[in-house]
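So the structure is just underneath, and the comments pick up after that.
Just so it is clear, none of the values below were taken in a lab; they were calculated from the coordinates. What you are looking at is a predicted structure, and each value in this text was computed from that prediction instead of being measured. Because the Cβ atoms are built from the backbone with ideal geometry, glycine has one as well, and the counts that use them run over all protein chains shown.
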Amino acid sequence: MALEQTKRAGMTKLFTGTAPHRVRLGVNIDHVATIRNARGGKHPSPLAAALQAEAAGADGITAHLREDRRHIRDDDMIAIKAGISVPLNFELAATSEMIAMALKIRPNAACIVPEKRQEITTEGGLAVIGQETRLADQLAPLKEAGIKLSLFIEANQADIDAAVAIGADIVELHTGRYCHDSMGRDGELLRLQTAAQHAASVGIECHAGHGLDYDTVSPIAAIPTIEELNIGHFLIGESIFRGLPAAIEKMRQLIDAARPNPAGIN
Ligand code: PXP
């Protein structure tokens, strides 16, 4: 189905609520740490990048403390939480070690992601279906600590319903396949639109991210029920050429242009 038809058949018919005007942009600074770790030492500093991102208009900072500490490390998380003024979104696997770390750091949100040691990046969404009781028990301390619980999932209705059932506050829809499969992109976009609409209809906040760049961000930012995008690898890579503030500002412009805000409401 062509994109325009997809929009007509999917989004406009499905969405009946009020769209939040401004999509929040969370900047993921993991790969600043990747570069630092290539040589050891302190440069470039993920905290300095987070502060620069904040000054350039990032609405939040995202960082993934992986079990193998391949990029962000424990001391980075502590320094970032203490240093930034915008919300921190802490990505973590559902392990007792990471949950204890999140309880120590007290981020604004904890985004639970699946994690495999061998993967280059987070490959798919969290398996929620069939794991509801285990996840609800394991993640309850995060909610009790007042940390918003976010689940990084594939864009499908059943996983969203399972996320609601375990008391998650947010679902983040995995946009990796939409970004990387250019042949199947229209179908993936429809899947994301339908899932984001479903999330709104069952009252759970909807975010999206993974693999987004200047070429792919606009149709995702245009989905009216998506409230936040988390973008990392492309922005850090692009900052080599234009600097981090300019890379973020251009992304911000593309997001804003995709979600017009005639009333100027934030
Ligand atoms: N959202 C989640 C849950 C992620 O795990 C990642 C990658 O760490 C991102 C967003 C950002 O993806 P990318 O670095 O490809 O922009």
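Here are the numbers for this structure:
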item: Burial ranking of peptide ranges 154-165, 223-234 (average Cβ count within 10 Å, highest at the top); result: 223-234, 154-165
item: Sparse-neighbourhood loop sites, trypsin sites (Lys or Arg not before Pro) in segment 33-126 - DSSP loop, at most 15 other Cβ within 10 angstrom; result: 42, 69, 70, 116, 117
item: Equivalent ellipsoid, the chain (semi-axes from 5 times Cα gyration tensor eigenvalues, Å); result: 27, 23, 17
item: Cβ-based exposure ranking for 172, 132, in which fewest neighbours within 10 Å come first; result: 132, 172
item: FRET efficiency, 1/(1 + (r/R0)^6) with R0 30 Å, evaluated for residue 169 and residue 218 via beta carbons; result: 0.70
item: Farthest positive-ward along the chain dipole, Cα basis, beta-carbon charges - from 225, 147, 25; result: 25
item: Cα gyration tensor, segment 154-266 - rounded (a/c under 1.5), prolate or oblate; result: prolate
item: Residue order, fewest to most beta carbons within 10 Å, for 180, 210; result: 180, 210
item: Packing-based exposure ordering (other Cβ within 10 Å, fewest first) of 171, 202, 32; result: 202, 32, 171
item: Gain upon complete extension [residue 145, residue 96; 0.36 nm per residue less C-alpha separation]; result: 16.1 nm
item: Long pairs among 81/143; 42/143; 104/148; 42/250, criterion Cα-Cα beyond 24 Å; result: 42/143; 42/250
item: Furthest towards positive pole of dipole, 100, 200, 78, structure part the chain, Cβ charges; result: 78
item: Distance (nanometres) between label positions extended 7 Å along Cα→Cβ at residue 240 and residue 132; result: 4.6
item: Shape category assigned to segment 35-182 from the gyration tensor of Cα positions, a/c cut at 1.5; result: prolate
item: Lys, Arg +1 and Asp, Glu -1 on Cβ, resulting dipole of segment 17-130 about Cα centre, debye, nearest 20; result: 220
item: Ratio Rg/Rh, restricted to segment 94-156 and using Cα atoms, in which Rh is the Kirkwood radius; result: 0.96
